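In what follows, a structure is listed as structure tokens, so that the remarks can point back to it.
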Amino acid sequence: MAGAALLAAAAALPFWLNRTQPYFLQLALNVLIVAVLALSWDLLARTGQLSLAHAAFFGLGAYTSALLTTRAGVPVVAGIVLGGLMATAVAAALGVLTLRLRGIYFAIATLAFSETLRVITKQLRFTGGSAGLVTPPLLPANLPAQYLVILGILLLAALTSELVNRSRWHFAFTAIRTNEEVAAVMGIDVVRFKVLAFAISAFFAGLTGAFYAHVFLFINPFEAYSLAISVGALVAPIFGGLYTTIGPLLGAVALRIGEETLRAALGSGFLIIYGLILAAVILYMPRGLLGLWTAAAARRHAGERGVTAPVSGNGQA
Amino acid sequence: MSLLVLEDLMKAFGGLQAVGGLSLNVHAGEIFAMIGPNGAGKSTTFNLISGLFAPDHGRIVFDGKDITGAKPHERAHSGIGRTFQLMQPFHDMSVLENVMVGELFGHVVPKTLEAARRDAESVCALTGIDHLADRDVTGLGVADLKRLEVARALATHPRLLLLDEVMAGLTPTEARQAVASIRRVRDSGVTVLLIDHVMGSVRDLADRVAVLNFGKKIAEGSFEEVAHDPGVIEAYLGEEADGEIKPGG
């Protein structure tokens with residue numbers, strides 16, 4: 001119910017923002033890009049694989065589509081889909097290689113992979129080198145339509161995330177995240193689920209990267225494979241609430257809007273305050289923004305059942 | 001008929017020969033106990049049987065099929081279930097959800113979530129943790145965590161159940177309950193291979209006992225037979241001065 005209303009509001013947003021405040025529509029589009037990346041990162045994290053390589057899949061998607069459309073004459077929409085599929089294929093291969101790595105070692109391996117791709121892209125003449133590539137536009141000069149496309153991609157990612165969380169996959173992912181060996185002896189094909197999660201996660205990151213390439217009309221290795229993208233993808237779920245659909249979305253919206261507000265209010269020093277807020281949330285709210293909500297709901301629920309909660313003195317209702 | 005056959009299994013970690021040429025036959029329908037001092041290779045043997053370790057040498061045959069190279073989840077599907085000595089519940093899941101994992105993934109044929117939930121509820125009832133089903137696993141006591149370990153293993157519907165020290169740390173009353181519940185599991189048609197240090201329970205439960213020391217089998221037979229074996233007495237007295245084996249209990 002609330003989700004449908006929210007979706008309707010999100011879909012209606014461009015039609016009045018575009019006329020009154022095009023800057024805000026651009027911001028909303030950026031928020032959605034971060035939101036897809038955040039959900040994509042979270043899907044992988046549910047299996048205990050903490051990636052620092054989301055820029056790799058974002059960049060792979062962007063470059064695949066940019067090269068196919070400029071050098072092979074592939075239509076833009078097909079290029080974007082192929083960009084997502086390329087990221088999927090590469091992730092599946094990388095997933096098999098990194099299977100045995102856990103925690104920080106996995107993160108370092110993915111970071112190395114991402115940096116390697118950037119260096120290769122920078123060196124090759126074929127990819128435009130460090131000068132980058134100019135790309136053909138998707139839905140030229142129609143910001144509202146572009147916004148609706150990324151909203152659709154986000155919807156697809158959110159649906160995938162919900163399907164995963166309501167199916168047997170949720171049990172496999174959670175079990176693998178907690179203890180791979182126990183998961184395996186209880187009959188879970190750990191390799192299969194880890195590689196599947198990697199492939200699905202990379203698909204959305206690649207799709208978003210390809211979309212980005214044809215909306216911003218220019219890509220270079222420093223932006224497409226930037227650490228800022230990888231970090232942005234992981235900060236939003238941690239901030240909003242891990243392993244859920246709502247958490248990463250909430251985190252992306254709150255962080256991007258918070259960042260813009262701070263930038264406007266404080267100017268160049270805003271990143272210091274931004275960093276402090278992030279650190280405080282990670283330290284004191286391990287379940288993110290969503291954790292605040294569920295804790296409040298639990299207290300309300302306890303109050304309704306007449307259980308005397310030590311937190312409140314008066315309310316009995 | 002032998003359900004599980006271990007043939008000359010060997011496993012070394014660096015210079016340490018944890019299991020050094022172990023052969024064992026576990027018959028269908030029996031309760032078989034592996035005992036031995038700490039470091040005798042019992043838990044390593046469990047890890048070899050469940051597929052978490054690959055042996056350096058030797059063969060593992062389950063129900064007539066060579067499973068030496070099979071992956072852990074394939075062994076679970078073929079009917080081998082196990083518990084862990086150090087309880088390893090899945091955090092972020094309730095007790096019932098922990099058991100549901102076994103119901104969902106312990107079989108080759110997939111189950112729906114509803115069917116898995118229903119079946120997990122009856123496994124919880126069987127193991128005496130149904131009153132905890134909706135609880136978070138954090139904060140459970142030792143006895144309940146041990147029951148959860150057994151419940152999760154049973155939820156994979158094993159034909160062979162490996163129990164790794166499920167009596168350790170239990171009070172005498174809880175241990176008696178555990179003995180009764182393991183008997184019920186066996187009577188329902190499950191073959192049981194267990195490791196334990198609680199000799200009273202082993203004596204009450206086991207049809208046959210193998211004694212391991214330094215990765216080798218030094219005796220096999222009924223509890224009374226192995227308890228009077230001079231080699232066994234020496235292994236235990238050499239290891240622990242109080243002599244854990246007391247046939248009187």
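Decide, for the protein assembly as shown, between rounded, prolate and oblate: order the square roots of the alpha carbon gyration tensor eigenvalues as a ≥ b ≥ c, take rounded if a/c falls under 1.5, and otherwise choose prolate if a/b is larger than b/c, else oblate. Please report the intermediate quantities before stating the final value.
Details: a/c = 2.76, a/b = 1.90, b/c = 1.45.
It is prolate, given that a/c is not under 1.5 and a/b is the larger ratio.
Enumerate the helices in chain A for which the Kyte-Doolittle hydropathy averages -0.5 or more and the C-alpha atoms extend at least 27 Å along the helix's axis, using complete DSSP H runs.
On the way: long enough: A:22-45 (34 Å, 1.77); A:76-97 (32 Å, 2.32); A:103-123 (31 Å, 0.78); A:143-165 (33 Å, 1.65); A:190-216 (39 Å, 1.53); A:246-266 (29 Å, 0.95).
Membrane-span-like by this criterion, though nothing is claimed about a membrane: A:22-45, A:76-97, A:103-123, A:143-165, A:190-216, A:246-266.
Output ³J(HN,Hα) for segment B:2-19: one whole-Hz value per residue in order, computed from phi by the Karplus curve 6.51 cos²θ - 1.76 cosθ + 1.60 with θ = phi - 60°, and x for Gly and Pro.
7, 8, 10, 10, 9, 10, 6, 6, 9, 8, 10, 10, x, x, 8, 7, 5, 10
If you place +1 on the Cβ of every Lys and Arg, -1 on the Cβ of every Asp and Glu, and leave all else neutral, what size is the dipole of segment B:1-67 about its Cα centre, to the nearest 20 Debye? Show your work: numbers first, answer last.
Values: 4 positive and 6 negative charges, 32 e Å.
Dipole of segment B:1-67, to the nearest 20 debye: 160 debye.
In terms of the Cα gyration tensor, with a ≥ b ≥ c the square roots of its eigenvalues, is segment A:199-272 rounded because a/c is under 1.5, prolate because a/b exceeds b/c, or oblate? Don't skip to the answer; put the middle values down first.
Working: a/c = 2.14, a/b = 1.15, b/c = 1.86.
Note, shape of segment A:199-272 comes out oblate.
Counting only helical runs of four or more DSSP H residues, what would the 222 nm mean residue ellipticity of chain B come to if each run contributes -39,500 (n - 2.57) and the total is spread over all its residues? Could the numbers behind the result be given before it?
On the way: 9 runs with 93 residues, N = 249.
Result for chain B: -11000 deg cm²/dmol, rounded to the nearest 500.
Summing Lys, Arg as +1 and Asp, Glu as -1, what charge do residues with Cβ under 11 Å from the Cβ of A:Ala131 carry, A:Ala131 excluded? Display every interim value, and only then the final one.
Values: positive: A:Lys122, A:Arg125; negative: none.
Residues close to A:Ala131 contribute a combined charge of +2.
By how many degrees, 0 to 90 and rounded to 10, does the Cα axis of helix B:113-126 deviate from the longest principal axis of chain B?
On a 0 to 90 degree scale, this one is about 50.
List the longest stretch of chain A that has no exposed loop site; here a site is one of the trypsin sites (Lys or Arg not before Pro) assigned by DSSP to anything other than H, G, I, E or B, with at most 12 other Cβ within 10 Å.
Working: sites that count: A:Arg100, A:Arg125, A:Arg166, A:Arg305.
Answer - A:167-304.
Please compute the contact order of segment B:7-78 in relative form: average sequence separation of alpha-carbon pairs under 8 Å and at least six residues apart, divided by the residue count, as a percent.
On the way: 88 pairs, mean separation 22.0, N = 72.
In percent, rounded to a whole number, it is 30.
Compute the signed sum of charges (Lys and Arg +1, Asp and Glu -1) over the other residues within less than 11 Å, Cβ to Cβ, of B:Glu74. Provide the component values of the computation, followed by the final result.
On the way: positive: B:Lys65, B:Lys71, B:Arg75; negative: A:Asp189.
With Lys, Arg at +1 and Asp, Glu at -1, the neighbours total +2.
About the Cα centre, and with charges only on the beta carbon of Lys, Arg (+1) and Asp, Glu (-1), how big is the dipole of the protein assembly as shown? Nearest 20 debye, please.
On the way: 43 positive and 44 negative charges, 424 e Å.
Roughly 2040 debye for the protein assembly as shown.
Using a Cα distance threshold of under 22 Å, what count of lysine pairs results for chain B when pairs must be 8 or more residues apart or interchain?
Close lysine pairs under the 22 Å cut-off: 13.
Name the residue from A:Ala141, A:Leu67, A:Ala109 whose Cα lies farthest towards the positive end of the charge dipole of chain A, charges +1 on Cβ of Lys and Arg and -1 on Cβ of Asp and Glu.
A:Ala109
Rounded to the nearest 500, what is the 222 nm mean residue ellipticity of chain A from helices alone, with -39500 (n - 2.57) per DSSP H run of 4+ residues and division by all residues?
Working: 14 runs with 242 residues, N = 317.
Theoretical 222 nm ellipticity from helices: -25500 deg cm²/dmol.
With a cut-off of 8 Å between alpha carbons and a minimum separation of six or more residues, what is the relative contact order of chain A in percent? Don't jump to the answer; show the numbers that get you there.
Working: 484 pairs, mean separation 92.7, N = 317.
It rounds to 29 percent for chain A.
Give, rounded to the nearest 20 debye, the magnitude of the charge dipole that chain B has about its Cα centre when Lys and Arg contribute +1 at Cβ and Asp and Glu contribute -1 at Cβ. It would help to have the intermediate numbers written out before the result.
Working: 24 positive and 34 negative charges, 98 e Å.
I would put it at about 480 debye.
For chain B, what does the relative contact order come out to in percent, with C-alpha contacts under 8 Å and a separation of six or more? Intermediate values should be presented prior to the final figure.
Details: 492 pairs, mean separation 62.6, N = 249.
So the answer I get is 25 percent.
With the cut-off at 1.5 for a/c, could you classify chain A from its C-alpha gyration tensor as rounded, prolate or oblate? Show your work: numbers first, answer last.
On the way: a/c = 1.80, a/b = 1.27, b/c = 1.42.
The shape class here is oblate.
Laboratory data are not the source of any read-out in this text; all were calculated from the coordinates shown. The structure presented is a predicted model; accordingly, all values stated were derived computationally and were not measured. Heads up, the Cβs are rebuilt from the backbone with ideal geometry, glycines too, and the neighbour counts pull from every protein chain shown.
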